[in-house]
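Worksheet: one structure, shown below.
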């Protein structure tokens, strides 16, 4: 956090970002927004880990038991998805417990692996030169990526609940967020490959993980939402479309930020 704060301070004093000059009013607004996003994300994370749900989870289970609970869901979704979805539905987890026992942990894998990969290993693109990011730049990107994952899971869960009315499904928000969170499990797990940020390797591992996440979605929607498979297929397709739109929105925002100079800083 200290490194990220130093980056923000440097922006505030120089008035430029990676050598690009931008209007002072917009620049000040951008700086404030970035600071608030990082601060709100960190405080939200601490708030989630200090909620009653997390305290109850810690009191009811030892560390070993809590760890086993998370691993059981992960392994179950990979080995026997239908049975595991039924188990997840019966749990009726709250939002806080779902985040504490699953989302906060797995969502940290891609940003952490990406930070290590981009600062310590590096990557090559059509040349022998190895590209790396500065620690400050990689830290800021990792923090924003982590917050994006947390917000995206909640947002998609909220949209699932809202769309459920169209398909005759009336599930609570925690159940919908659990559906979104556990569907993303394969993608979050394969985020560990970002330790070695080579495009061909990440595509080789990431595409099958994406396909399996789609399979989990189509398998889990009818079970968790309590609707027939025929409607579940249509519902799953709608959720998949929402997920793709969310991904495009995030990529578009990233391109816009990079275009105005708020992008990665390379060591060389």
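Taken together, the values in this text are just the output of simple stated rules run on the coordinates, not laboratory data. Keep in mind it's a predicted model, so treat the numbers as computed, not measured. Please note: Cβ atoms are built from the backbone with ideal geometry, for glycine as well, and neighbour counts cover all protein chains shown.
Just to be sure, is residue 173 under 18 Å from residue 220 (Cα atoms), surrounded by fewer than 17 Cβ atoms within 10 Å (Cβ to Cβ) and touching a residue at least 12 places away in the same chain (Cβ under 8 Å)? In short, yes. Residue 98 meets the conditions (1) part of a helix (DSSP H, G or I); (2) touching a residue at least 60 places away in the same chain (Cβ under 8 Å); (3) surrounded by fewer than 21 Cβ atoms within 10 Å (Cβ to Cβ) in every case but one. The failed one is (3). Of the residues making up region 240-251, at least one is surrounded by fewer than 16 Cβ atoms within 10 Å (Cβ to Cβ), touching a residue at least 12 places away in the same chain (Cβ under 8 Å) and either touching a strand residue (DSSP E or B) at 6+ places or on another chain (Cβ under 8 Å) or closer than 24 Å to residue 117 by Cα (or both).
Can you find a residue that is part of a loop (DSSP other than H, G, I, E, B), more than 30 Å from residue 118 (Cα to Cα) and touching a residue at least 24 places away in the same chain (Cβ under 8 Å) anywhere in region 216-223?
No, every residue in region 216-223 fails to be part of a loop (DSSP other than H, G, I, E, B), more than 30 Å from residue 118 (Cα to Cα) and touching a residue at least 24 places away in the same chain (Cβ under 8 Å).
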